[in-house]
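First up is the structure itself, then whatever we jot down about it.
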Amino acid sequence: MPPPPIFAPDVIPNPTSLDPNSLFGFTKIGNNPVQCGVTGLNTATNAVGRLGGEDPVFREHAGVYGESDKQGVTGVTTTDFPFSTGVFGFSKNGGGIGVRGETVSGTAVLGRSFGTGLAGSFQGSVAITIDLNVSGTCIVGGNDLMQQIQTLQKQVADLKATVAALYH
């Protein structure tokens, strides 16, 4: 038998009657996929969080859903232990996506480093279906790609000159 709800569904407190900086939570019991196990609301910031239910935007099953005017979901790691992770995504099925970012006009995924660390690292193949714009030095195999291209262009020009000299 499931545990009783924290608040019975007909006596869930009105969030506007609570302290504006407090969170409230409740558990809904039932077999309705739209219901969430726990919902939290901060009425001062309109930040909403849900655990175990359906997200209200895409109507997808979600373990965690967060909504706010600043950060929807935040994860922070407090150690420098190797592979400590603030936010982790994993797909157990071959066709799934571990982490997904989408936008209409902004940046879907942003990685930033404020020190000597990398803003991004990929361990495996990477597919780019449209454009790759680089506004810095592009290093390939430990070498500056532009220097490699310029060296090749000079070698081609030298070869053309040698071939032309042979025919004059």
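Can you find a residue that is assigned to a loop (DSSP other than H, G, I, E, B) and either modelled with pLDDT under 85 or of a type in the set (Ser, Thr, Tyr) (or both) anywhere in the range 150-165? Scanning the range 150-165 turns up no residue that is assigned to a loop (DSSP other than H, G, I, E, B) and either modelled with pLDDT under 85 or of a type in the set (Ser, Thr, Tyr) (or both).
When Lys70 is tested against (1) more than 21 Å from Gly40 (Cβ to Cβ); (2) exposed (fewer than 10 other Cβ atoms within 10 Å of the Cβ), exactly one condition is not met: (1).
Criterion applied to Gly136, Gly117, Gly63 was being at negative phi and in contact with a Leu (Cβ under 8 Å, 6 or more places away or on another chain), and the one residue passing it is Gly63.
Okay, residues lined up against (1) modelled with pLDDT of 80 or more; (2) assigned to a strand (DSSP E or B); (3) closer than 21 Å to Glu102 by Cβ:
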{"site": "Asp10", "(1), (2), (3)": "no, no, no"}
{"site": "Ser22", "(1), (2), (3)": "no, no, no"}
{"site": "Asn31", "(1), (2), (3)": "no, no, no"}
{"site": "Gln71", "(1), (2), (3)": "yes, no, yes"}
{"site": "Val76", "(1), (2), (3)": "yes, no, no"}
{"site": "Ser91", "(1), (2), (3)": "yes, no, yes"}
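Answer with yes or no whether Gln123 is surrounded by 10 or more Cβ atoms within 10 Å (Cβ to Cβ) and of a type outside the set (D, E, K, R). Show your work before the answer.
Details: surrounded by 10 or more Cβ atoms within 10 Å (Cβ to Cβ): no; of a type outside the set (D, E, K, R): yes.
In short, no.
The values are calculated or read from the model by the stated rules, or taken from the named source; none is laboratory data. None of the values given here were measured: they were computed from a predicted structure. Don't worry about glycine lacking a Cβ; one is built from the backbone with ideal geometry, like all the others, and counts go over all protein chains shown.
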